[in-house]
């Protein structure tokens, strides 16, 4: 009977985690879909430069302030949810090297004293040939993989060509 109760609690916790994960995906998708679709439209119509999409979370009260201070005026900051402090940052006209340097600088600053459980993923989008949902879900998969493999405190990067 004890084994059965333990298994039942484990399955309930596993189901709750899966449900939270689905809600997280839907929340991020809702927050970013229109913005990413607009960026892709600009890329196709105006032959604009690539952009970098960053998804970041950290346990600190200063994250939003730090991101606002560190971003360029052309970068777009999106607060995705209040509960888990998920933020997205769209860096226009940014190549992968510049974006990686920027995210590394952010992480160094966060790690130097006031943030815990830092997770950061970056997606380099070089072509307007992708659907916005494909980009967002690829980004979410990358973020989920980083969290599940405990790759906190580092930039996990992927490029879409």
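The values are calculated or read from the model by the stated rules, or taken from the named source; none is laboratory data. In this text the structure is predicted, and so the values were computed from the model without any measurement. Glycine also receives a Cβ, built like all others from the backbone with ideal geometry; neighbour counts cover every protein chain displayed.
Structure above, values below:
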item	result
Qualifying residues in region 71-99 (those that are in a helix (DSSP H, G or I) and in contact with a strand residue (DSSP E or B) (Cβ under 6 Å, 6 or more places away or on another chain)) - the one surrounded by the fewest Cβ atoms within 10 Å (Cβ to Cβ)	96
Check on residue 91, in contact with a helix residue (DSSP H, G or I) (Cβ under 6 Å, 6 or more places away or on another chain) and without any contact (Cβ under 8 Å) to a residue 60 or more places away in the chain	yes
Failed item, numbered, when residue 64 is tested on (1) closer than 19 Å to residue 152 by Cα; (2) buried (at least 20 other Cβ atoms within 10 Å of the Cβ); (3) at pLDDT 85 or above	(2)
Condition check for residue 65: over 13 Å from the mean Cα position of the chain (by Cα) and either without any contact (Cβ under 8 Å) to a residue 60 or more places away in the chain or under 22 Å from residue 27 (Cβ atoms) (or both)	yes
Residues located in region 136-158, provided they are surrounded by fewer than 14 Cβ atoms within 10 Å (Cβ to Cβ) and either touching a strand residue (DSSP E or B) at 6+ places or on another chain (Cβ under 6 Å) or on the phi > 0 side of the Ramachandran plot (or both)	150
Filter result for residue 133 (touching a helix residue (DSSP H, G or I) at 6+ places or on another chain (Cβ under 9 Å), surrounded by fewer than 16 Cβ atoms within 10 Å (Cβ to Cβ), modelled with pLDDT of 90 or more and not in a loop (DSSP other than H, G, I, E, B))	yes
Filter result for the condition that a residue is under 11 Å from the mean Cα position of the chain (by Cα) and at pLDDT 90 or above, over 91, 120	120
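Matching residues to (1) in contact (Cβ under 8 Å) with a residue 12 or more places away in the chain; (2) part of a helix (DSSP H, G or I); (3) touching a helix residue (DSSP H, G or I) at 6+ places or on another chain (Cβ under 6 Å); (4) within 13 Å of residue 53 (Cα to Cα):
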residue	(1), (2), (3), (4)
105	yes, yes, no, no
108	no, yes, no, no
124	yes, no, yes, yes
137	yes, yes, no, yes
141	no, yes, no, no
147	yes, yes, no, no
152	yes, no, no, no
